[in-house]
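Visitor: One structure, pasted below without further comment.
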Amino acid sequence: MSDFLELAAKRYSCRNFSDRPVEREKLVKMIEAARLAPSGCNAQPWKFVVVDDPKLALEVAETTKHLGVNEYLTKAKAFVVVLEDHAVLMPKVAKMIDSQYFAKGDLGGAALSICLEAESLGLGTCMAGLFDRPKLCQLLDLPADQRFFVVIAVGYPANEREERPKPRKKLEDIARFI
Ligand SMILES: Cc1cc2nc3c(=O)[nH]c(=O)nc-3n(C[C@H](O)[C@H](O)[C@H](O)COP(=O)(O)O)c2cc1C
């Protein structure tokens, strides 16, 4: 197995974090990984708000307790809030498609880079796509029409990394080699 495949297989959505705080340097490295992600027309339609202040982190966690899910994220020691920014595409491309056409895919790549870098640094992460957007805007002093992608909970896993099954579709069901 390549080193990368090993890392990709090891990463999982961590939903139980220890009390150990997350070092600021590690959070910076995770954002650096996102900064290097590819994007359509290299538009980089992303911004990140990194929250490691304990009181504010708890308040961010509260916004993810949305529709009765994500109770467990209150134990996360930090959050990376992934924001969708306006994408400026190359003029030729902009004539053909909406400016945000590639953005969600670009943001997915950036968010995964954050999670994989975290994994390589011994941290656990869990993306949360369901959260109270108006409350989060208020909390982080963002405009009311701010577009979001996900909130990423970060922390050291509470338990020794257990081997978790990865329920995934079979390779032959998702890819065709011709
Ligand atoms: C865009 C996105 C949104 C997600 N939202 C949530 C969420 O709100 N709560 C949660 O517990 N997990 C969430 N997840 C995690 C998925 O449930 C998880 O990635 C999937 O079940 C595969 O498991 P694994 O990450 O452990 O490999 C989200 C993942 C993605 C990519």
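Visitor: Quick check on the stretch 11-19. Is at least one of its residues at pLDDT 95 or above, of a type outside the set (Ser, Thr, Tyr) and surrounded by fewer than 13 Cβ atoms within 10 Å (Cβ to Cβ)?
Guide: For the stretch 11-19, residues at pLDDT 95 or above, of a type outside the set (Ser, Thr, Tyr) and surrounded by fewer than 13 Cβ atoms within 10 Å (Cβ to Cβ): present.
Visitor: Name the residue that is farthest from the chain's Cα centre (by Cα), counting only residues in the stretch 144-161 that are under 17 Å from LEU27 (Cα atoms) and part of a strand (DSSP E or B).
Guide: We begin by selecting, within the stretch 144-161, every residue under 17 Å from LEU27 (Cα atoms); these are 150-157.
When the remaining residues are screened for being part of a strand (DSSP E or B), the result is 150-155, 157.
Details: VAL150: 6, VAL151: 6, ILE152: 4, ALA153: 8, VAL154: 9, GLY155: 13, PRO157: 16 Å.
Within the stretch 144-161, the match that is farthest from the chain's Cα centre (by Cα) is PRO157.
Visitor: Out of the stretch 20-40, which residues are of a type outside the set (D, E, K, R) and surrounded by 13 or more Cβ atoms within 10 Å (Cβ to Cβ)? Spell out the reasoning first.
Guide: Initial filter on the stretch 20-40 (of a type outside the set (D, E, K, R)): 21-22, 27-28, 30-31, 33-34, 36-40.
Residues satisfying the conditions are PRO21, VAL22, LEU27, MET30, ILE31, ALA33, ALA34, ALA37, SER39, GLY40.
Visitor: Follow-up. Please indicate, with yes or no, whether at least one residue in the stretch 84-93 is away from the ligand (no atom under 16 Å from the Cβ) and either more than 26 Å from GLY40 (Cβ to Cβ) or among the basic types (Lys, Arg) (or both).
Guide: To start, the set of residues in the stretch 84-93 that are away from the ligand (no atom under 16 Å from the Cβ) comprises 85-93.
This time we only want the ones that are either more than 26 Å from GLY40 (Cβ to Cβ) or among the basic types (Lys, Arg) (or both), so: 92.
Scanning the stretch 84-93, I find at least one residue that is away from the ligand (no atom under 16 Å from the Cβ) and either more than 26 Å from GLY40 (Cβ to Cβ) or among the basic types (Lys, Arg) (or both), so the answer is yes.
Visitor: Identify, from the list THR74, THR64, the residue that is within 16 Å of the ligand (Cβ to nearest atom), within 13 Å of VAL154 (Cα to Cα) and of a type in the set (Val, Ile, Thr).
Guide: Values: THR64 fails: within 13 Å of VAL154 (Cα to Cα).
The conditions single out THR74.
Yes/no matrix, rows are residues, columns are (1) touching a Ser or Thr at 6+ places or on another chain (Cβ under 9 Å); (2) more than 24 Å from ARG24 (Cβ to Cβ); (3) modelled with pLDDT under 95:
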{"site": "VAL69", "(1), (2), (3)": "no, yes, yes"}
{"site": "LYS104", "(1), (2), (3)": "no, yes, no"}
{"site": "GLU117", "(1), (2), (3)": "no, no, no"}
{"site": "LEU142", "(1), (2), (3)": "no, no, no"}
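Visitor: I'd like the full set of residues that are assigned to a helix (DSSP H, G or I) and either within 12 Å of the ligand (Cβ to nearest atom) or touching a His at 6+ places or on another chain (Cβ under 7 Å) (or both), limited to the stretch 119-138.
Guide: Listed by number, the list holds a single entry, GLU119.
Visitor: Provide a single number: the residues in the stretch 41-65 that are over 18 Å from GLU84 (Cα atoms), hydrophobic (A, V, I, L, M, F, W, C) and free of Cβ contacts under 8 Å to residues at least 40 places away in the same chain.
Guide: Count: 2.
The values are calculated or read from the model by the stated rules, or taken from the named source; none is laboratory data. The structure displayed is predicted, hence computed values, not measured ones. Because the Cβ atoms are built from the backbone with ideal geometry, glycine has one as well, and the counts that use them run over all protein chains shown.
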